[in-house]
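First up is the structure itself, then whatever we jot down about it.
The values are calculated or read from the model by the stated rules, or taken from the named source; none is laboratory data. Note that the structure is predicted; figures quoted are calculated from it, not measured. For neighbour counting, all protein chains shown are included, and Cβ atoms are generated from backbone atoms with ideal geometry for every residue, glycine included. The protein model used for the area step is the full one, side chains on, heavy atoms only, and it has no ligands, DNA or RNA in it. Shrake-Rupley method; radii C 1.70, N 1.55, O 1.52, S 1.80 Å.
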Amino acid sequence: MSVIATQNTRDVSETSLPILTEEELAAWLMQRGTKVIRHHGRYWMATHPGFYSATHPMARMKLAEASRPSPLCWGFRTSLGETDAHGANGSMPLHLLADIKNYTLQTRSARCRNKLRNLRKQVSIVELHKPDLLLEQGYDILSSAHARNGYGRIPGRSAYRKEIERYYDAGRGLVIGGLIEGKLGGYITSYAVGATAYVDDLFLHSAYLRTNISLGLFFEWVQICRRAGSIREIVHGLHAREAPGLCRYKEELGLSVVHVPARIWFAPLTGRIVKKLRPHAYYRLTGHD
């Protein structure tokens with residue numbers, strides 16, 4: 001293993017996931033450059049100019065809290081708690097793992113167990129507790145992932161470095177990576193709020209997909225969540241129904257698509273415009289067509 005890898009990694013068996021309050025998450029998001037506002041005692045972030053979402057998907061606000069967070073916004077969305085689910089006018093379609101307590105090697109399929117055994121012969125899953133390895137090799141992984149799936153927009157190299165430095169500054173997230181002969185093959189960024197843990201991002205270098213590094217990263221990350229004791233559920237992104245391969249992959253990991261009751265509001269005509277121009281994004285915003 002390279003010197004930089006040895007100095008900046010930690011065995012995942014020694015790793016813990018920081019558990020944040022909603023206020024701590026809001027402060028961390030602001031440190032990373034996200035616009036966040038407080039409204040009725042809850043926190044909202046601008047996911048697009050003029051559109052606000054709760055700072056995390058499972059915020060489960062009360063109906064009285066789920067109102068227009070800014071007079072300048074053209075739309076908002078938040079999940080609702082069970083007692084206020086009757087006020088939902090849509091849903092949040094999430095990839096959710098609810099039973100993390102029983103997510104063990106023994107409960108996985110024989111095929112999954114074989115993949116994990118083979119993976120452990122080739123890949124070391126470690127915590128990247130300092131940013132140095134990502135600053136050195138992370139951008140190449142991001143570029144490879146983007147060339148493969150074309151998802152989203154890729155920042156410039158200097159912007160990426162700044163994002164990584166901000167991510168680590170407050171020490172409120174967790175990053176684990178897979179090392180293959182000292183080379184970083186992929187990584188997961190993550191965080192937890194209350195009883196919910198979130199996969200923030202997962203990037204994999206195409207050269208190492210054959211090792212099943214994605215399975216190994218997710219499995220070991222879930223074990224970290226299990227050890228926390230207080231985490232009851234895991235969210236791995238919104239349902240991208242237009243990407244069936246990605247959906248199958250998440251299903252194989254053990255995640256289910258769950259529609260969480262949500263309150264959504266659009267200014268007049270804007271909902272129709274979003275639906276017409278970006279129907280899949282409209283589905284992720286509202287849970288329906």
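Per residue, how much accessible area does the chain have with a 1.4 Å probe, in Å²? All intermediate terms of the calculation are to be shown ahead of the outcome.
Working: 14230 Å² over 289 residues.
Ligands and nucleic acids excluded, the result is 49 Å² per residue.
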Review point. In the full protein assembly as shown, how much of LYS162 is accessible to a 1.4 Å probe, in Å² to the nearest 10?
Key: 110 Å²
Practice item. Using a cut-off of 11 Å between beta-carbons, work out the net charge of the residues near TYR208 (Lys and Arg +1, Asp and Glu -1, TYR208 not included). Key: +1
Exercise for review: Kindly count the pairs of lysines across the chain whose alpha carbons are less than 16 Å apart, treating pairs on different chains or eight or more residues apart as eligible.
Suggested key: 4
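Rounded, prolate or oblate, given the Cα gyration tensor of the range 135-229, with a/c below 1.5 counting as rounded? Intermediate values should be presented prior to the final figure.
Numbers: a/c = 1.81, a/b = 1.23, b/c = 1.47.
Oblate.
Considering Cα pairs under 8 angstrom that are at least six residues apart, work out the relative contact order of the range 19-156 and quote it in whole percent. Mind dumping the intermediate values first?
On the way: 102 pairs, mean separation 16.7, N = 138.
Taking the mean separation of contacting Cα pairs over the length of the range 19-156, I get 12 percent.
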Exercise for review: Quick one: P(r) of the range 1-95 from all Cα-Cα pairs, 5 Å bins, percents rounded to integers, in order of increasing distance.
Suggested key: 2, 12, 19, 18, 15, 10, 7, 6, 5, 3, 2, 0
**Study point:** Net charge over other residues, Cβ less than 12 angstrom from the Cβ of VAL123 (K, R count +1; D, E count -1)
**Key:** +4
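Could you state the per residue volume, in Å³, of the convex hull enclosing the Cα atoms of the chain?
Values: hull volume 38.7 nm³, N = 289.
Normalising the Cα hull of the chain by residue number yields 134 Å³.
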Study note, to complete from the structure: Per-residue accessible area, 1.4 Å probe, largest first, puts ASP200, ASP289, ASP140 in the order ASP289, ASP140, ASP200
Review point. Of the residues LEU277, LEU133, LEU246, which exhibits the maximal mean-square fluctuation in a Gaussian network model of the chain defined by a 10 Å Cα contact cut-off?
Key: LEU277
Review point. Taking a 1.4 Å probe, which of ARG284, ARG32 shows the most accessible area, and what order do the others take after it?
Key: ARG32, ARG284
Check your understanding: Hey, what did the range 23-97 get for relative contact order, percent, Cα under 8 Å, at least 6 apart?
Key -> 23 percent
Check your understanding: When all alpha-carbon pairs of the range 146-289 are counted, what percent fall beyond 24 Å?
Key -> 44 percent
Check your understanding: With a sphere of radius 14 Å drawn around the Cβ of ASP99, what net charge do the other residues whose Cβ falls strictly inside it have (Lys, Arg +1; Asp, Glu -1)?
Key -> +3
